[in-house]
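Where a number appears in this text, it was derived from the coordinates with a stated rule and is not lab data. Because the structure is a prediction, the values reported are computed rather than measured. Neighbour counts run over all protein chains shown; Cβ positions are idealised from the backbone, glycine included.
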There are 2 protein chains.
Amino acid sequence: MPKSRTANAPLSRAEARILEQCWTLGTCSVREILDSLSEDERVAYTTVQTLVHRLEQKGAVRRVKKIGNAQLFEPVLGRHEYRRGVVRELLQLFGGSPRLLVSNLLESGTITLKDLKALQDAARTATGDSARRKGRRGRRHV
Amino acid sequence: MPKSRTANAPLSRAEARILEQCWTLGTCSVREILDSLSEDERVAYTTVQTLVHRLEQKGAVRRVKKIGNAQLFEPVLGRHEYRRGVVRELLQLFGGSPRLLVSNLLESGTITLKDLKALQDAARTATGDSARRKGRRGRRHV
DNA sequence: CTTTGCCTACTACAGGTGTAGTAGCATCAC
DNA sequence: GTGATGCTACTACACCTGTAGTAGGCAAAG
């Protein structure tokens, strides 16, 4: 039977979409998330609410404070960890071989040799360069 | 609401697992699929049967002939197409940027620069070599 | 203080998914 | 032919997911 909706259970498509908005918005309320959705993704307020609730159950977000009668949430699971997990999932499809995966990208023309080259250069400088970039992007708290 | 179980609808995890066995086995029966599953994946005969049935509804396999009273199935959806689809799905997570995806693989140490290098070489010879490789890998029919 | 409005906690429900049971027909070994 | 076996077609069912409605509470506006 399908997975239990407890801590670090896998996120569904819709849940991930909401979490994504949380990443963009930082600490935010249900309404803010709703408003941040594009026209064609708009759903009912309660739908977002339910999804946020489920995300909370799965430990992907947590409520941090209450302002007035509104609850503010904040992502716990980071974009990076999440992506890592999903990619790991995907890799199983390729027998755990990331090379096969990239190879697939190449064959289907999704990525080009030029792209790979660029990535290599970027990676080389990032790793071998000074020390270790720790700031990542400009995390404006909110 | 979730997707309809009609032609080329997305495959669920379990369905994909079964299809995978079909790829390995080639034309095969429900029992053969069941028997080919490893110890810890073993499920009831009827479970496999149901999954094969759903795969059929989704157009991923088709019944080719009947031997005795047993039905033989054959994959319609190829491993390659399937993978391509899943990767495309995943890419949306990375804003459609395959570079970000590979970048993630690098950062998490899932793939190395050496791997990329090897892939590039392989790709270069395959593409730029003679004319156009049309056989891909040794596609032994079945 | 009452009204108005947004917020939250439940509840709901149809369709998907994972897993399996049952009934009945087709075959094969006698 | 007859019984043993295995196969297929239904049926079942709990849990997940996507989406939303409802009731009731807090708080700002008047």
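The table below lists the values:
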quantity: Single match in A:Thr27, A:Thr46 (criterion: within 11 Å of DNA strand D (Cβ to nearest atom), surrounded by fewer than 18 Cβ atoms within 10 Å (Cβ to Cβ) and farther than 19 Å from B:Phe94 by Cα); calculated: A:Thr46
quantity: Subset tally (residues that are among the hydrophobic types (A, V, I, L, M, F, W, C), out of contact with any Phe, Trp or Tyr (no Cβ under 9 Å at 6 or more places or on another chain) and over 28 Å from A:Val87 (Cα atoms)) for region B:41-87; calculated: 5
quantity: Selection status of A:Lys65, within 12 Å of DNA strand D (Cβ to nearest atom) and either among the basic types (Lys, Arg) or in contact with a Cys (Cβ under 7 Å, 6 or more places away or on another chain) (or both); calculated: no
quantity: Candidate set: region B:1-31, residues that are assigned to a loop (DSSP other than H, G, I, E, B) and aliphatic (A, V, I, L, M); chosen: the one nearest to B:Glu56 (Cα to Cα); calculated: B:Ala7
quantity: Failed item in (1) exposed (fewer than 14 other Cβ atoms within 10 Å of the Cβ); (2) closer than 30 Å to B:Gln120 by Cβ, with A:Arg99 passing the rest; calculated: (1)
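Let's see how each residue does on (1) within 14 Å of chain B (Cβ to nearest Cβ); (2) more than 10 Å from DNA strand C (Cβ to nearest atom); (3) buried (at least 16 other Cβ atoms within 10 Å of the Cβ):
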site	(1), (2), (3)
A:Lys3	yes, no, no
A:Ala7	no, yes, no
A:Leu19	yes, yes, yes
A:Cys22	no, yes, yes
A:Glu32	no, no, yes
A:Asp35	no, no, no
A:Glu41	yes, yes, no
A:Leu55	no, yes, yes
A:Gly59	no, yes, no
